[in-house]
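What follows is calculated from the coordinates using simple rules that are stated; it is not laboratory data. Because the structure is a prediction, the values reported are computed rather than measured. All Cβ positions, glycine included, derive from the backbone under ideal geometry; neighbour counts span all protein chains shown.
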Amino acid sequence: MVVVGGGAAGAAAVAELRHHGFGGAITLVCGEDAVPYERPPLSKEFLLDAATTDGALHPPEWYEQHDIDLRLGTLATGLDPRAGSVALSDGTSVRYDRLLIAVGVRPRVIPGMDGDQILYLRTIGDAVRLRDRIRAAGHVAVLGGGFIGCEVAAAAIRLGKQATILEGLPSLLRRALPPVLGDVVAGIHAAEGVDVRTGQNVTGIRAGTGSVTVLTTAGEVECDLLVVGVGTVPNTGLAEQAGLAVGNGIEVDEYCATSIPGIYAAGDVAVQHLPGHPGPVRVEHHDSALRQGRAAARNMLGLGEPFADVHWFWSNQYEHSIQSAGICDLATGYVLRGSLTELSFSAFWLDGNQVRSVISLNRPRDVIDARRLIGAGHPVTAAHLSDDTIPLKRLARPQRAAADT
Amino acid sequence: MTTNWHETVVNLDDLWEGDMTAVKVDGEAVLLVNVDGDVHAYSNRCPHQASPLDEGDLDGQTLTCAKHLWEFNAVTGCGVNPDDARLKRFGCRVGDDGTISVDIGP
């Protein structure tokens with residue numbers, strides 16, 4: 001078994017292969033020079049020097065203990081599906097019976113947006129650099145009001161810096177939250193002193209010595225450090241070269257299988273066609289990568305299980321916790337539980353009497369309970385969901401024949 | 001082996017089956033869970049990033065941490081997902097009057 005990609009999906013996959021008793025050779029090819037690690041802390045506690053663990057997905061000795069041939073700092077340079085082999089950047093090549101491609105994504109780079117004062121965040125190397133540079137800066141601006149931008153802005157504020165968020169759309173976290181909820185997050189940042197500039201498009205930058213001026217449709221912003229978080233690009237090069245079906249990512253079915261038998265994909269790079277979903281789904285969340293990596297491993301072993309886990313993500317900004325489970329079209333209306341103004345709520349999206357997804361602010365237990373409802377067939381009503389006195393857990397109880405009081 | 005038993009303010013009457021509660025024992029953050037009538041005591045800090053486990057969910061035998069959804073078997077303390085983690089267990093006993101005591105160790 002060969003796994004290319006040392007992120008969450010890849011690391012979870014190799015563990016799952018051994019967990020299911022696979023005793024054969026496993027090679028894990030990691031492009032980065034670090035033992036596979038978690039990315040989520042890099043935009044949060046890592047920047048505050050508050051990480052309580054080293055973030056390794058498995059301790060370094062785990063690989064040898066489980067007979068995993070771990071190749072760090074090694075890239076897959078070519079894939080030959082007919083020969084069943086992958087060429088590596090160290091000049092060697094590995095044969096496989098089953099291959100998992102979990103090579104993730106890279107930050108979308110804006111042409112012309114580079115320079116000493118401009119940083120992107122993806123790897124631990126980026127995070128180390130960013131951590132040092134934020135400390136040295138007075139004013140940190142983030143380009144992009146997505147999760148990276150919001151989390152980095154929060155870290156800068158907690159480190160006593162001035163912070164500005166630049167977002168072209170009218171609300172923050174627009175790809176994950178409907179505008180009303182994105183505005184609540186903007187309010188949280190504004191209350192912490194962040195200059196939240198939504199609806200302002202960046203037209204260029206002017207680099208000075210030790211500073212950079214960002215030109216926007218609503219004026220100029222001068223800062224010491226500009227962190228760019230404007231999305232990602234899936235690393236589909238290897239797959240494309242080898243003739244796999246590729247769209248907004250490597251195309252896979254619900255078994256994580258690509259268009260070529262014997263080759264699977266999982267994690268940020270995989271765009272998955274799932275029954276019950278109107279369109280293909282490509283998710284860039286840590287928990288989904290772990291679960292999808294494990295599902296791919298089980299399918300590589302012929303255990304034939306479709307990936308049906310409920311998607312879940314979290315974002316920590318200041319002491320607030322934003323969590324979401326499920327996937328659906330956020331343009332439709334939602335049912336609210338709790339209070340927007342009190343910064344404690346859960347918003348549910350329904351399809352008939354079925355919960356499809358939930359987005360919560362500071363209500364992690366609601367999310368745990370809602371995950372049991374999503375895709376499980378339990379009928380709910382908007383009245384139940386919006387009533388804080390009715391525990392959500394109760395809605396997942398088996399239905400009784402007689403009326404419940 | 002040095003023990004360090006303390007009576008907690010929690011009585012079995014207050015901790016129903018299927019419930020959990022957090023309690024400070026001599027400065028130690030302790031989680032008490034009642035699974036099928038048996039009380040277990042663990043450190044209230046998730047082995048992942050020290051998040052308070054009592055803010056999570058106890059469903060049957062499964063304890064889920066709210067922070068990143070790590071799951072544990074509340075009876076054995078062993079990790080379910082991921083399966084190579086485990087809760088830090090403290091000795092626990094219930095007195096005749098229902099008082100729950102915890103051994104927080106040296």
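Straight-distance candidates among the lysines for linking to A:Lys44, with alpha-carbon spacing under 19 Å and chain neighbours fewer than 8 residues away dropped: A:Lys161, B:Lys67.
Between A:Glu220 and A:His378, full extension at 0.36 nm per residue minus the direct alpha carbon distance yields a gain of 51.7 nm.
On a full-extension model of 0.36 nm per residue, what is the gain between A:His273 and A:Leu343, subtracting their alpha-carbon distance, rounded to one decimal in nm?
Length gained, A:His273 through A:Leu343: 21.7 nm.
Run a plain Debye calculation on chain A (Cα atoms as equal point scatterers, no solvent) and give log10 I(q)/I(0) at q = 0.07 Å⁻¹, rounded to two decimals, same order as the q list. Log10 I(q)/I(0), no solvent term: -0.36. The label-point distance for B:Asp59 and A:His320, in a model that sets each label 7 Å from Cα toward Cβ, rounds to 2.7 nm. Using a 7 Å offset from Cα along Cα-Cβ at B:Glu7, what residues in the range B:78-100 end up with backbone N under 11 Å from the label point? Only B:95-100 pass the distance filter. A simple spin-label model places pseudo-atoms 7 Å from Cα toward Cβ; at A:Asp33 and B:Trp16 they are separated by 5.8 nm. Across the range A:204-244, the residues whose backbone nitrogen lies under 19 Å from the label position 7 Å along the beta-carbon direction of A:Asp116 are A:205-214, A:222-228. With bins 10 Å wide beginning at 0, the percent of Cα pairs of the range A:156-221 falling in each bin runs 21, 44, 32, 4. Phi angles of the range A:325-335 translate, via the Karplus equation with coefficients 6.51, -1.76, 1.60 and θ = phi - 60°, into HN-Hα couplings of 10, x, 9, 6, 7, 6, 6, 7, x, 10, 9 Hz per residue; Gly and Pro are given as x.
Computed from the C-beta positions of A:Asp351 and A:Ile260 and an R0 of 30 Å, the FRET efficiency is 0.30 to the nearest 0.05.
Computed from label points 7 Å out along Cα-Cβ, the spacing between B:Lys24 and A:Arg82 is 7.1 nm.
Express as a percent, rounded to the nearest 5, the fraction of DSSP beta bridges in the range A:264-405 (both residues included) that run antiparallel.
Percentage antiparallel, nearest 5: 100.
Spatially, the range A:1-69 and the range A:205-269 are offset by 22 Å when compared through their Cα centroids.
Among the trypsin sites (Lys or Arg not before Pro) within the range A:55-98, those in coil by DSSP and having at most 11 neighbouring Cβ atoms inside 10 Å are A:Arg82. Note on the range A:123-197 and the range B:1-63: Cα centroid distance 37 Å, given to the nearest whole angstrom.
The smallest convex shape that holds all Cα atoms of the range A:1-83, its convex hull, gives 108 Å³ per residue.
Using the Cβ-Cβ distance between A:Arg106 and A:Arg394 with R0 = 41 Å, the FRET efficiency computed as 1/(1 + (r/R0)^6) comes to roughly 0.35. Averaging 1/r across all pairs of distinct Cα atoms in the range A:163-283 and inverting the result yields a Kirkwood radius of 17.4 Å. If you plug the beta carbon distance of A:Glu192 and A:Ala56 into 1/(1 + (r/R0)^6) with R0 = 35 Å, you get a FRET efficiency near 0.65. Residues B:Lys24, A:Lys393, A:Lys44, ranked from the fewest to the most other C-beta atoms within 10 Å, line up as B:Lys24, A:Lys393, A:Lys44.
Count, for each residue of B:62-69, the Cβ atoms from other chains sitting within 10 Å of its Cβ, then give me the mean as a whole number.
For peptide B:62-69, the averaged partner shielding equals 5.
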